[in-house]
């Protein structure tokens, strides 16, 4: 089986070409259209010099061009590196300097930011700029090497891939507790293992309408995008401007007839505080998933009482372990609003270890530190061997030095 992430799109473009793949505001793109456009972008990326394991930065908001870009980058055998376009120019420049991309793809209102970043770039290799947005690029310091109009003229047939599942698919920057960006390198295989488990556990199929709420520089977005494309479902991009409008978010779930919602708990808590969920609301919704933060139990009770037909699952795991490493599906609405939710059990292929300071297992009831191992463990931090060795440890008391 082909375990490259772009394979889900390609197989469904052949099986159901006219099915809707991605919906943003009032525009829908079919599987065939997304396949064709991403193939075209991949060809121009290769033509301008992109090779296997090269990095291509995304500097754009969540959008249809962003979906084309992610898939086109993967089809060019490269890694996509999503960067928050709302970050200060100095931070963006630092991340670009760290990952040394061959190309930066831009779209949306980022022209001024690109001007500042290009001016600050002092790296050994100046990246090319590709403009994939439909709007005109407003800039003073450079001209793009290619635009959306350019690559839409390229052949749309499939390419031959040189990547293997063990090659990196993306670098996700996380600052953690230090405030200094670190690029987590995640492979196709890391993501594929999670998708296999999640699709099976949640019984996700082509009839689904899946939310895409997190920004692209959060790895929750990886599950939304590739989970939907793998099964042939619809991916509904949540416009960023709705994030501060709880009533609008509820209306989005309602009118889009979503079957799955996945976000950080603060969004759900915010919607609950404004009491935007009606009794038995969102009749097509099957499941609500959250990750990245603690979900306050009173807010969970609010949601579960109003949506008795929906299942609620807490996913847990750091970016370094690919999307999530454990899960807990709440069996019934909690009666005690002070009861804490557990992180549950490990996803298939993962292992959760509670160890003491000597990296030995602690007895039941004792306090220790949580360690994660398994198929989701990433390759470490990009060009940061010391930081990688400090965090990614050999298996305690193991006999295989590669574990």
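The values are calculated or read from the model by the stated rules, or taken from the named source; none is laboratory data. What you see is a predicted model, and the numbers here were worked out from it, not measured in a lab. With ideal geometry, Cβ positions are generated from the backbone for all residues, glycine too; neighbour counts draw on all protein chains shown.
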**Complete:** With the first residue restricted to the range 7-25 and required to be closer than 12 Å to residue 229 by Cα, and the second required to be surrounded by 15 or more Cβ atoms within 10 Å (Cβ to Cβ) and at pLDDT below 95, Cβ contacts under 7 Å at 6 or more apart or on different chains are 10/158
**All positions within the range 208-243 that are part of a loop (DSSP other than H, G, I, E, B), touching a strand residue (DSSP E or B) at 6+ places or on another chain (Cβ under 9 Å) and on the phi < 0 side of the Ramachandran plot** = 208, 213, 214, 215, 216, 217, 218, 219, 233, 238, 239
**Request:** Could you tell me whether the range 193-205 includes any residue that is touching a strand residue (DSSP E or B) at 6+ places or on another chain (Cβ under 9 Å), outside any helix (DSSP H, G or I), crowded, with 17+ Cβ neighbours inside 10 Å and modelled with pLDDT of 95 or more?
**Result:** yes
**Message:** Just the residues that are touching a residue at least 24 places away in the same chain (Cβ under 8 Å), more than 20 Å from the chain's Cα centre (by Cα) and not in a helix (DSSP H, G or I), please, taken from the range 244-274.
**Reply:** 257, 274
**Asked** Which helices (runs of 4 or more DSSP H) does the range 61-150 wholly contain that include 3 or more residues that are surrounded by 22 or more Cβ atoms within 10 Å (Cβ to Cβ) and modelled with pLDDT of 95 or more?
**Response** 64-75
**Request:** Kindly check whether there is at least one residue in the range 151-162 that is in contact (Cβ under 8 Å) with a residue 24 or more places away in the chain, assigned by TED's automatic domain parsing to the domain that holds residue 73 and part of a helix (DSSP H, G or I).
**Result:** yes
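Listed here are the residues, each with its yes/no results for (1) at pLDDT 95 or above; (2) crowded, with 23+ Cβ neighbours inside 10 Å; (3) assigned by TED's automatic domain parsing to the domain that holds residue 113; (4) over 18 Å from the mean Cα position of the chain (by Cα).
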| position | (1), (2), (3), (4) |
| --- | --- |
| 9 | yes, yes, no, no |
| 15 | yes, no, no, yes |
| 22 | yes, yes, no, no |
| 42 | yes, yes, yes, yes |
| 46 | yes, no, yes, yes |
| 58 | yes, yes, yes, no |
